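Okay, so here's the structure we're looking at.
The values are calculated or read from the model by the stated rules, or taken from the named source; none is laboratory data. Since the model is a prediction, treat every value here as computed from it, not as a measurement. Glycine gets a Cβ as well: all are built from the backbone with ideal geometry, and neighbour counts include every protein chain shown.
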Amino acid sequence: MDLRHLYDPALSAHVAESREFNAQLPDQDPRVRWTPERIAEARDLSRVMGGLLGDAGIPGFEERRIRGPAGDLLLRSFASPGARAVYLDIHGGGFFMGAARMDDRANASLAASARVATLSVEYRLAPEHPFPAAVDDCEAAALWLIEHAKREFGTDRLILGGASAGASLAVSTLLRLRDRHGAAHAFAGANLVFGVYDLDGTPSQRRAGVPTYRELYLPGRGSEERRHPDVSPLYAELAGLPPALFTVGTADSLLDDSLFLALRWQLAGNEAELALYPESVHGFTLFPTAMARAANARIEAWVAARAAG
């Protein structure tokens with residue numbers, strides 16, 4: 001299918017480089033059996049995405065602990081001088097891997113370019129802590145930020161975002177803020193990057209093979225339970241949510257998730273901007289490519305605009 005009318009034509013200049021880089025990526029088997037040994041290997045940040053993340057944090061980040069639903073909850077912050085807003089970051093990792101520090105590089109860049117402080121939440125991971133533990137922790141972090149942002153960071157203007165599983169958790173957090181606390185309006189925007197919004201599998205997921213990590217996050221749950229709005233935000237009532245930027249590549253197995261949710265976001269009366277990137281696979285914003293730089297520049301400009309009010 002020719003999708004060129006759906007994205008910035010200037011991005012076509014980066015397609016050849018993206019294809020070349022994609023060809024070097026290790027194959028991912030969606031049917032892999034997640035043994036304890038494989039899970040431990042996947043949680044080694046020095047090996048994730050072929051080592052693109054690295055395992056060392058960036059100077060300038062601070063850690064603090066707040067009261068969470070199951071004990072102390074770790075938050076990792078970066079205070080940018082003169083911050084106009086605070087960005088709540090929710091890391092990705094399929095709900096079973098990843099860590100707050102894996103987003104240090106992106107958060108430091110965002111802080112500098114968009115003049116925001118950043119706060120990343122170390123939510124509990126499956127299979128040790130299946131649904132709803134991760135959402136519970138993200139909700140707690142958001143509520144803490146609503147209450148303490150002004151005193152801690154000098155501004156009460158808030159934005160949130162995440163990538164992959166983190167984008168799903170970001171939307172679920174907004175829904176909880178709206179439904180349980182009447183507080184979704186506290187956030188001025190949602191930056192949602194190649195999120196998974198249907199945990200039972202959209203058509204693009206099913207064509208690629210629905211990954212088995214869902215068994216870790218939602219053990220013993222059938223299709224109907226996986227499509228429950230509390231689990232899969234694609235099926236939720238979406239009215240009353242803040243403006244959102246949806247970023248996804250056309251070669252991503254989660255392409256349909258962003259396409260479907262962006263349209264439903266708009267139909268519910270919210271602002272939504274869909275940013276498509278040709279020949280880009282899942283996780284492409286981490287790659288050292290011109291396509292990734294273009295996507296990240298657009299994200300940072302969008303967050304800066306939301307921060308400015």
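Some notes on this structure:
- Taken over the stretch 152-169, residues that are of a type outside the set (A, V, I, L, M, F, W, C), within 14 Å of the chain's Cα centre (by Cα) and part of a helix (DSSP H, G or I) amount to 2.
- The stretch 59-115 - residue that is over 16 Å from the mean Cα position of the chain (by Cα) and among the acidic types (Asp, Glu) and, of those, nearest to Leu174 (Cα to Cα): Asp72
Okay, residues lined up against (1) closer than 30 Å to Ser253 by Cβ; (2) among the hydroxyl-bearing types (Ser, Thr, Tyr); (3) surrounded by 22 or more Cβ atoms within 10 Å (Cβ to Cβ):
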| position | (1), (2), (3) |
| --- | --- |
| Glu62 | no, no, no |
| Pro69 | no, no, no |
| Leu73 | no, no, no |
| Pro81 | no, no, no |
| Ala85 | no, no, yes |
| His91 | yes, no, yes |
| Phe95 | yes, no, yes |
| Asn107 | yes, no, yes |
| Val116 | no, no, yes |
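Rundown of residues vs (1) crowded, with 17+ Cβ neighbours inside 10 Å; (2) modelled with pLDDT under 95; (3) assigned to a helix (DSSP H, G or I), yes/no style:
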site: Gly240; (1), (2), (3): no, no, no
site: Thr247; (1), (2), (3): yes, no, no
site: Ser253; (1), (2), (3): yes, no, no
site: Leu259; (1), (2), (3): yes, no, yes
site: Leu263; (1), (2), (3): no, no, yes
site: Gly269; (1), (2), (3): no, no, no
site: Ser280; (1), (2), (3): yes, no, no
site: Thr285; (1), (2), (3): yes, no, yes
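- Among the residues of the stretch 222-238, the ones that are farther than 25 Å from Ala295 by Cβ, not small (Gly, Ala, Ser) and not in a helix (DSSP H, G or I) come to 6 in all.
- Some residue of the stretch 165-179 being of a type in the set (Val, Ile, Thr), buried (at least 19 other Cβ atoms within 10 Å of the Cβ) and closer than 22 Å to Ala239 by Cα: yes
- No other residue among Tyr213, Tyr197 is buried (at least 22 other Cβ atoms within 10 Å of the Cβ) and in contact with a helix residue (DSSP H, G or I) (Cβ under 8 Å, 6 or more places away or on another chain) apart from Tyr197.
- Residue that is farthest from Thr118 (Cα to Cα), among those in the stretch 170-200 that are in a loop (DSSP other than H, G, I, E, B) and in contact (Cβ under 8 Å) with a residue 12 or more places away in the chain: Asp200
- Condition check for Arg151 on (1) out of contact with any helix residue (DSSP H, G or I) (no Cβ under 6 Å at 6 or more places or on another chain); (2) within 30 Å of Pro36 (Cβ to Cβ); (3) surrounded by fewer than 21 Cβ atoms within 10 Å (Cβ to Cβ): one failure, at (2).
- Of all residues in the stretch 9-26, those being among the hydrophobic types (A, V, I, L, M, F, W, C), under 25 Å from the mean Cα position of the chain (by Cα) and assigned to a helix (DSSP H, G or I) number 3.
- Filtered residues of the stretch 63-98 (kept if part of a loop (DSSP other than H, G, I, E, B), within 30 Å of Glu37 (Cβ to Cβ), among the hydrophobic types (A, V, I, L, M, F, W, C) and touching a Ser or Thr at 6+ places or on another chain (Cβ under 9 Å)): Phe95
- Per-region count, the stretch 88-102, residues touching a Leu at 6+ places or on another chain (Cβ under 6 Å) and modelled with pLDDT of 95 or more: 3
- Looking at Glu128, Glu215, Glu139, just one residue is outside any helix (DSSP H, G or I), farther than 23 Å from Arg84 by Cβ and of a type in the set (Asp, Glu), and that residue is Glu128.
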